[in-house]
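Notes follow once the structure below has been shown.
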Amino acid sequence: MPSGSFAGIPVKYITYIACVVSLLAHWYKGAKINNAFLFLFTAVLLFVAFFSLVGSLYAIAHFYLVFTEGMFFVSTMTVTLLILMANSCNAIKDEEIILAAFYGVFIFSLWKFIAIFLLTANIVSFENLMYFFEKYAKFVPVTTEIPGGYHRLTFAVNDFVATFFLFLVPTYPKVFSKVPLAIRVVFVTTATIGLVIAYSRYFFGFIAVLWLYAFLFKFTFKQRFITCSIIIVILSLSLPWFMEVFETRFLSEQADYSDNLRRLQTPALIDAWKDLPILGGGLGFYTKNVIRSDALMSAYEVQWVSFLAKFGMTGISFLVFLVSLLFYKILAGEKIIDHYVLAFSLFCFIISGFTNPYLLNSTAAVFYVLPLILASAFRKELAHAKTEENTANRMTA
């Protein structure tokens, strides 16, 4: 769920507490937790505490805004570390993390598809659907009208993760071999429809590059033939609509308006940073010259630039260090081309923080973990294949 709560029940926080208690119980029974993760966990809490103090002392924002943004950082960073801690002490295996993430994104894609179907079939009105999202899911998606009389529904990072799995599921069937084929087919269908309705230029470009890689290097001749046939059929039936979508999303005044917001935010935030270059304005900081949302004034589309204004060179260096660790863990050890694809996917997610505020929530935390866990799974598969090859060679000899 986009907000982590439903009908007033804080599902995300209940799950978070349950995970912490479970991990502590596992540790109490004798499990060894990597000291590096404990150090990073402590460093993250100190980072948030320090810049909460900076934000409170600077006092441009109400303390509630400082606290709220601080909790975004705490939940994102600690969820990432908790999953990695649990994995390091074998409380949860690579395969279990991947499958848990898949079934989570499958439920989201199915949930979104049902909403699209109800809206398209005129079973519910657009206004009632938005009321449902706001009242029960506590989240309002990005919406606008799109060609054909449809409505855009974008659920930020949830749609990004679903897009990533649209690449993973058909490209690495061994990883998802325990998922019934019917569920995989349903996911690919619903997630593809959800991707189109998300109507994001960034998502379109991201999946296009990944699918091109899969088509050229991972698919068999039969899979390539089937893929080309499906594309030809879809384009023959809907080419005028796709051309209209392309023109509207990339060449229209609507696209220019969206880009202009980022062009306004970037210099305003850089000017604010120049006044506070070392420590920034702290958590909750925003520039009065450009306010994205009255409900959450410290949130900006150009998220990385806002981080610079909030944390200055000191804090942004710490965030870059954490991001560098993720890439290091993906590429450390023996590598195949798929490891570089995972690093590319993480890079695309990281730089999405220059286009939209995707980087801070528990779903983003799951995405930070996924490339690392998949990289580990690929290495284990590679090691297993080499062991079998060596065994076969010895038997032959």
Only listed residue being among the small types (Gly, Ala, Ser) and surrounded by fewer than 18 Cβ atoms within 10 Å (Cβ to Cβ), chosen from Ala182, Ala191 = Ala182
Identify all residues within the range 42-64 that are farther than 22 Å from Leu82 by Cα and out of contact with any helix residue (DSSP H, G or I) (no Cβ under 8 Å at 6 or more places or on another chain); write none if there are none.
-> Leu53, Val54, Leu57, Tyr58, Ala59, Ile60, His62, Tyr64
Of all the residues that make up the range 131-148, how many are over 15 Å from Ile193 (Cα atoms), out of contact with any His (no Cβ under 9 Å at 6 or more places or on another chain), surrounded by fewer than 16 Cβ atoms within 10 Å (Cβ to Cβ) and not aromatic (Phe, Trp, Tyr)?
-> 4
So which residues in the range 1-21 are in contact with a helix residue (DSSP H, G or I) (Cβ under 8 Å, 6 or more places away or on another chain) and either surrounded by 13 or more Cβ atoms within 10 Å (Cβ to Cβ) or at pLDDT 80 or above (or both)?
-> Met1, Pro2, Ser3, Gly4, Ser5, Phe6, Lys12, Tyr16, Cys19, Val20
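Assess whether Ile114 counts as being farther than 21 Å from Tyr358 by Cβ and out of contact with any Pro (no Cβ under 6 Å at 6 or more places or on another chain).
Numbers: farther than 21 Å from Tyr358 by Cβ: yes; out of contact with any Pro (no Cβ under 6 Å at 6 or more places or on another chain): yes.
Judged against the criteria, Ile114 is a match.
Being closer than 15 Å to Trp273 by Cβ and of a type in the set (Val, Ile, Thr) is the filter; apply it to the range 287-319 and report the residue that is surrounded by the fewest Cβ atoms within 10 Å (Cβ to Cβ).
Keep residues of the range 287-319 that are closer than 15 Å to Trp273 by Cβ, which gives 287-290, 298, 300, 302-317, 319.
Cutting the leftovers down to of a type in the set (Val, Ile, Thr) gives us 287, 290, 302, 305, 314, 316.
Working: Thr287: 21, Val290: 18, Val302: 25, Val305: 22, Thr314: 15, Ile316: 18.
Among those residues, the one meeting the criterion is Thr314.
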Within the range 320-364, tally of residues that are assigned to a loop (DSSP other than H, G, I, E, B) and of a type in the set (Phe, Trp, Tyr) = 1
Mind checking which pairs have a first residue in the range 8-27 that is touching a residue at least 12 places away in the same chain (Cβ under 8 Å) and more than 20 Å from Asn361 (Cβ to Cβ) and a second that is assigned to a helix (DSSP H, G or I) and small (Gly, Ala, Ser), Cβ under 9 Å, 6 or more apart or different chains?
-> Ser22/Ala86; Leu23/Ala86; His26/Ala86
Out of (1) touching a Lys or Arg at 6+ places or on another chain (Cβ under 7 Å); (2) surrounded by 18 or more Cβ atoms within 10 Å (Cβ to Cβ), the one Arg201 does not meet is (2)
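The values are calculated or read from the model by the stated rules, or taken from the named source; none is laboratory data. As the structure is a prediction and not an experimental result, all values here were calculated from the model. In this analysis, Cβ positions are derived from the backbone assuming ideal geometry, glycine residues included, and neighbour counts consider all displayed protein chains.
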